[in-house]
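Participant: Have a look at this one.
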Amino acid sequence: KIRGKKEDFAAVRDVSLAIPRGETVAIVGESGSGKTTTARMLLKAVEPTSGSMLFDGQEIAGLKGEALRDFRQRVQPVFQDPYSSLNPSFTIGRIVGEPLEAYKRGSRAERRARVHELMDQVSLPQSMLRRYPGELSGGQRQRVAIARALALKPDLVVCDEPVSALDVLVQSQILHLLGELQRELGLSYLFISHDLAVVRLISDHVAVMQRGEIVEQAPSEELFENPRHPYTRQLLASIPGAELG
């Protein structure tokens, strides 16, 4: 759960949501609505000024030392632009294995085997391990970013606009991959997007944000079939071919 309240200006106010294990919660809204700030708080990149954040029943707002280190292994991000989030001077093999090195997971041979396993999971050939991000397509780079996020076997992956920089066909492929990985690994996703058409394809629950507040949240099917808030209806009407009753 994420809750926050500040009397003066706040990027996020009175936000409360829960991410069930093994499911996808999407936060949707226009730029500046507060959705990315919410994600950054959950990733411990931004500290809330008040309220509480619980992960697996544990308060995470004040985590330090080993407790914080453990939390960061269990919650991993996938960002919007895979090119800027991947070190261009590192090979793909080094990028995917970087979290394993940082957290000293296993022996060198075990780390190498894990990197090969991750490449298989995101459907990339092993020959790509010797290549560099600049040699890959946008979709391939996002698959590398997903592999790196999965390296430490997290429970929750925070996906911040993970397909918005990709063309429609590649978007569909990445969304399909995320769905397969969720079913295979039991992952939970917090999925940030401005695009309700994308959100409809992947989410179990949807929270709609406007001006730093959640104005509506509901199971995905219910929200798309019976939107209640005018802003939600406005967003739905902007989907090409959308028809609202």
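The values are calculated or read from the model by the stated rules, or taken from the named source; none is laboratory data. Owing to the predicted nature of the structure, the values given are computational and were not obtained by experimental measurement. Here the Cβ positions follow ideal geometry from the backbone for every residue, glycine too, while neighbour counts run over all protein chains shown. Side chains included, ligands, DNA and RNA excluded: accessible areas come from the protein's heavy atoms. Shrake-Rupley method; radii C 1.70, N 1.55, O 1.52, S 1.80 Å.
Participant: Translational diffusion coefficient of the range 95-245 at 10 °C, 1.306 mPa s, Stokes-Einstein with Kirkwood Rh over Cα pairs, in µm²/s as a whole number. Before the final figure, lay out each step's value.
Facilitator: On the way: Rh = 17.2 Å.
It comes out at roughly 92 µm²/s.
Participant: How large is the accessible surface of S172 in square angstrom, using a 1.4 angstrom probe and rounding to the nearest 10?
Facilitator: Result for S172: roughly 70 Å² accessible.
Participant: What whole number of Å gives the distance from the Cα centroid of the range 185-245 to the Cα centroid of the range 105-163?
Facilitator: Measuring centre to centre over Cα atoms gives 29 Å.
Participant: Run through all the Cα pairs of the range 169-245 and give the fraction in each 5 Å bin from 0, expressed as whole percent.
Facilitator: For the range 169-245, the pair-distance distribution reads 3, 14, 25, 24, 17, 11, 6, 0.
Participant: A follow-up question, please. Just subtract the alpha-carbon distance of K104 and E221 from 0.36 nm times their residue separation and send over the number in nm, one decimal. Intermediate values should be presented prior to the final figure.
Facilitator: Numbers: separation 117, 0.36 × 117 = 42.12 nm, distance 4.24 nm.
Net length gain for the segment: 37.9 nm.
Participant: Let me ask you something else. For a protection proxy built on the mean count of beta-carbon atoms within 10 angstrom, sort 115-121, 84-90, 158-164 highest first, please.
Facilitator: On the way: 115-121: 17.3, 84-90: 14.3, 158-164: 22.9.
With the highest mean Cβ count within 10 Å placed first, the list reads 158-164, 115-121, 84-90.
Participant: Over the Cα atoms of the range 13-136, each weighted equally, I'd like the Debye log10 I(q)/I(0) at q = 0.13, 0.14, 0.19 Å⁻¹, rounded to two decimals.
Facilitator: Debye curve over Cα of the range 13-136, log10 I(q)/I(0) at q = 0.13, 0.14, 0.19 Å⁻¹: -0.72, -0.82, -1.20.
Participant: So, R0 is 22 Å and r is the distance between the beta-carbons of S137 and S238; what FRET efficiency does that work out to, to 0.05? Mind dumping the intermediate values first?
Facilitator: Working: r = 28 Å, r/R0 = 1.29.
The computed FRET efficiency comes out at 0.20.
Participant: Round to a whole number: what % of the accessible area of the chain belongs to carbon and sulfur, probe 1.4 Å? Mind showing how you got there, number by number?
Facilitator: Working: 5860 of 12300 Å².
Its accessible area is 48 percent carbon and sulfur atoms.
Participant: Between N87 and L68, 0.36 nm times their residue separation minus their Cα-Cα distance comes to what? Could the numbers behind the result be given before it?
Facilitator: On the way: separation 19, 0.36 × 19 = 6.84 nm, distance 2.43 nm.
Length difference between fully extended and current span is 4.4 nm.
Participant: What does the accessible area per residue of the chain come to in Å², with a 1.4 Å probe and no ligands, DNA or RNA counted? All intermediate terms of the calculation are to be shown ahead of the outcome.
Facilitator: Working: 12300 Å² over 245 residues.
Solvent-accessible surface per residue comes out at 50 Å².
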